[in-house]
């Protein structure tokens with residue numbers, strides 16, 4: 001229930017900008033298109049896919065600040081819920097691509113942890129961003145307890 005309220009809040013907070021800004025509407029459309037392409041992009045080896053998602057140089061063709069860009073990326077990932085990819089993966093990859101275009105040095109993290117089930121232990125995964133070594137707009141409950149298995153890019 002709380003998650004649904006957060007999603008509704010995200011839509012409500014994003015709506016005024018979308019109503020008045022053609023740039024925000026175009027950016028959201030581009031982000032949704034990227035969400036739909038992600039399954040095909042991820043058919044390649046992960047380093048190759050992430051290299052394709054990493055912009056060569058900063059570009060703010062939409063002139064939208066990082067906070068609004070992040071909210072729109074979250075909304076785009078949420079709206080593409082029929083994707084075979086999980087929400088956290090869609091959100092993290094779209095955030096990563098568009099925030100890197102704004103020259104924000106965010107880093108992708110992929111983690112895993114054991115979760116107890118009735119019969120056995122299962123493994124679950126999560127993807128999130130960090131900025132300057134700290135989780136970037138990620139609730140503690142979403143990333144705590146995960147062991148980071150892979151980060152991108154390696155140089156940061």
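Any residue in the range 114-124 that is surrounded by fewer than 18 Cβ atoms within 10 Å (Cβ to Cβ), touching a residue at least 40 places away in the same chain (Cβ under 8 Å) and out of contact with any helix residue (DSSP H, G or I) (no Cβ under 8 Å at 6 or more places or on another chain)? Checking the range 114-124: not a single residue is surrounded by fewer than 18 Cβ atoms within 10 Å (Cβ to Cβ), touching a residue at least 40 places away in the same chain (Cβ under 8 Å) and out of contact with any helix residue (DSSP H, G or I) (no Cβ under 8 Å at 6 or more places or on another chain). Between 89, 18, the distinction of being modelled with pLDDT of 95 or more and surrounded by 12 or more Cβ atoms within 10 Å (Cβ to Cβ) belongs to 89 only. Number of residues in the range 35-81 that are part of a loop (DSSP other than H, G, I, E, B) and in contact (Cβ under 8 Å) with a residue 60 or more places away in the chain equals 1. For the range 106-146, the set of residues classified as part of a strand (DSSP E or B) and over 17 Å from residue 92 (Cα atoms) consists of 113, 114, 115, 116, 121, 122, 123, listed by residue number. Of all the residues in the range 56-78, those that are over 18 Å from residue 23 (Cβ atoms), touching a helix residue (DSSP H, G or I) at 6+ places or on another chain (Cβ under 8 Å) and surrounded by fewer than 22 Cβ atoms within 10 Å (Cβ to Cβ) number 1.
The values are calculated or read from the model by the stated rules, or taken from the named source; none is laboratory data. All figures in this text were calculated on a predicted structure; none of them were measured in a lab. When we count neighbours, we look across all protein chains shown, and the Cβ atoms used for this are built from the backbone with ideal geometry, even at glycine.
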